[in-house]
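The values are calculated or read from the model by the stated rules, or taken from the named source; none is laboratory data. From a predicted model like this one, the values you see are computed outputs, not experimental measurements. Here the Cβ positions follow ideal geometry from the backbone for every residue, glycine too, while neighbour counts run over all protein chains shown.
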Amino acid sequence: MSNRRHHDLTRNTDVVIVGGGLAGLFCALKLAPRPVTVISVAPLGQGASTAWAQGGIAAAVAEGDSAEAHAADTIAVGAGLVDEAIALGLAQEASARVHDLLHYGVPFDRDLEGKLAVAREAAHSARRIVHVRGDMAGLAIISALIEAVRRTPSIRVIEGYAAEALLTEDGAVTGLQLRKAGDAAARPVTIASRAIVLATGGIGHLYAMTTNPAEASGLGLAMAARAGAVIADPEFVQFHPTAIMAGRDPAPLATEALRGEGATLINDKGERFMLARHPLAELAPRDIVARGVFAEIAAGHGVFLDARAALGAHFAKEFPTVHASCMAAGIDPATQPIPVAPAAHYHMGGVAVDARGRSSLRGLWAGGEVSSTGAHGANRLASNSLLEAVVYAARIAEDIEDHSIAAPARLPTAQAIPRYGTLPAQTEQSLRAMMTSHVGVIREREHLAEAVRSFAAIERDAGNIALRNMATTALLVATSAWVRRESRGAHFRSDYPVVEPRLAHRTMTSLAAAKDIAALLSERASVRTAQPMIA
Ligand SMILES: Cc1cc2nc3c(=O)[nH]c(=O)nc-3n(C[C@H](O)[C@H](O)[C@H](O)COP(=O)(O)OP(=O)(O)OC[C@H]3O[C@@H](n4cnc5c(N)ncnc54)[C@H](O)[C@@H]3O)c2cc1C
């Protein structure tokens, strides 16, 4: 689908934005009337985590709250790795970006006096979550932005094409390689551009148990890494403690706001096991709650979110999305506890960017979940991700405004792809299963090494480019998790269970570095297998 008719892809001066979630669409709107092409693998509104966000956007807009308090909460949850200036900047720009969203038509809830209504979420010291009809924030945001995009003639939207490679020359991007989604036999299409914004979302779908859509499988991060971009903090993956165990992939989410409203976590004996684990019990930081739930399940107990006393008959009205997911699974949350488990939910790591959203490659910006700004450190504070997406999308647009973008002299050459073939479902499944079992809530050296070797082999041998990209990102996550010999924030190592103060620095890595680690681990494994024979 396209808002503008005529276009010459070879002499393209458009800014190309890859991704149609909050980061991509907001950036496109902010760039108007500058010509922009938005590429989205799924039709707009689908295949984006944004549409599924339930809580809302963190913004210190309530009386008595402040950007400083918001930043302090962000820093406390981030376990020593948050870039404090970045966190403060994010909090300070929150109110302006929420007003931008109101301007684009997002119907945020208001209180009786007409002020923005704010909800409480875990680890926030104030009621600070701007929301829409209880748990409908994401859908309301994406719907309003899609309407605004369709009304904007400078934005051309290409839906149903998956970006698969960034094309570069001398450390600068020159174009993008795409392919019609779901058609492995289709020939790749090349778009020339010297200004590309990656807004492809997260990596949750690299895990077997996840709340993320299938499109969130780390392809954007892989493309940047393959083009040589610096990748930051890939080991930090947030697991949501309460995905609903309804036998669905992805797993529906029981939003944190339920616990904010008083729902409790109980095991199959009816015990509130979080009371013994943290003074804030169910409202402790996500990683602590996720490990609590994981440990209960590992000990053979069922875990349930119990909203009967806190919400009861009001459940359907207050949390319609969660209510619908439960009812579809045959659970009435007003009268029954909801079975839950932790699931990969949010990636703190991503393409390393500076305060303007620039990556280490000339002409490549990254915004939203695919990026790593330093705002989240080792753990994200709830509802800071939509905020980060919207703040950085605006900053990227502003930065690009100051650039004049020359048309590339010629169409860049498509990347050599090993072999074309359909995505082998079994390899994909085993990769996802291994991410959950070996690179998940609780990690350990030998399992991580095994995962690294396995992902490196897939990355090397895959005949399908999507699989190769998935393995690239999985490899970056697993190698960095193997390297970080401590437990910090969302990264927990059973063999190094405490925080190591001397490791209080962010990870900055690359695909080349990850491959070196994989080679080392493969070498060690072959020496170990060879040793008994030598002896
Ligand atoms: C269930 C759920 C609930 C959440 N609740 C909240 C919340 O309440 N508050 C909060 O702050 N955060 C929440 N989050 C996190 C938040 O939704 C995301 O971090 C945020 O929406 C990311 O926005 P984005 O624009 O970066 O990515 P997305 O919204 O995921 O959009 C990515 C886009 O890129 C496209 N894409 C991906 N790969 C390719 C490719 N190779 N080629 C072309 N297009 C591609 C996708 O189709 C999509 O259009 C939640 C996440 C989930 C999954």
Would you check if Glu401 is over 19 Å from the mean Cα position of the chain (by Cα) and not hydrophobic (A, V, I, L, M, F, W, C)?
yes
Among (1) touching a residue at least 12 places away in the same chain (Cβ under 8 Å); (2) in a helix (DSSP H, G or I) - the single one Arg410 does not satisfy
(2)
Can you pull out the residues in region 159-188 that are assigned to a strand (DSSP E or B), more than 14 Å from Val38 (Cα to Cα), small (Gly, Ala, Ser) and within 11 Å of the ligand (Cβ to nearest atom)?
Ala165
Can you tell me how many residues in region 315-370 are touching a residue at least 60 places away in the same chain (Cβ under 8 Å), among the polar types (S, T, N, Q) and out of contact with any strand residue (DSSP E or B) (no Cβ under 8 Å at 6 or more places or on another chain)?
1
Would you mind stating whether Asp268 is among the charged types (D, E, K, R), more than 26 Å from His491 (Cα to Cα) and either more than 9 Å from the ligand (Cβ to nearest atom) or at pLDDT 95 or above (or both)?
yes
Please state which one of Ala232, Ala192, Ala227 is more than 14 Å from the ligand (Cβ to nearest atom), touching a strand residue (DSSP E or B) at 6+ places or on another chain (Cβ under 9 Å), over 21 Å from Gly21 (Cα atoms) and at pLDDT 95 or above.
Ala232
Long-range neighbours under 8 Å by Cβ, at least six apart or interchain, first residue more than 17 Å from Ser480 (Cα to Cα) within region 452-465, second acidic (Asp, Glu)
Ile465/Glu164
Any residue in region 505-522 that is more than 22 Å from Val353 (Cα to Cα) and free of Cβ contacts under 8 Å to residues at least 40 places away in the same chain?
yes
Give me the pairs: first residue in region 18-40 and touching a residue at least 60 places away in the same chain (Cβ under 8 Å), second residue assigned to a loop (DSSP other than H, G, I, E, B) and of a type in the set (S, T, N, Q), beta-carbon distance under 6 Å, and six or more apart or on different chains, which are they?
Val18/Thr200; Gly19/Thr200; Ala32/Thr152; Ala32/Ser154; Pro33/Ser154; Pro35/Ser154
Checked region 485-500 for anything outside any strand (DSSP E or B) and either touching a Phe, Trp or Tyr at 6+ places or on another chain (Cβ under 8 Å) or free of Cβ contacts under 8 Å to residues at least 40 places away in the same chain (or both); matches are Arg485, Glu486, Ser487, Gly489, Ala490, Pro497, Val498, Glu500
Counting just the residues of region 37-83 that are assigned to a loop (DSSP other than H, G, I, E, B) and among the polar types (S, T, N, Q), which one comes out farthest from the ligand (Cβ to nearest atom)?
Ser66
Give, as residue ranges, the helices (runs of 4 or more DSSP H) completely inside region 250-367 that count at least 2 residues that are of a type in the set (Asp, Glu).
286-298
I'd like to know if region 490-497 contains one or more residues that are crowded, with 22+ Cβ neighbours inside 10 Å, in contact with a Pro (Cβ under 9 Å, 6 or more places away or on another chain) and of a type outside the set (A, V, I, L, M, F, W, C).
no
Please specify each residue of region 254-265 satisfying the condition of being more than 14 Å from Ile331 (Cα to Cα), at pLDDT 90 or above and crowded, with 24+ Cβ neighbours inside 10 Å.
Leu258, Arg259, Ala263, Leu265
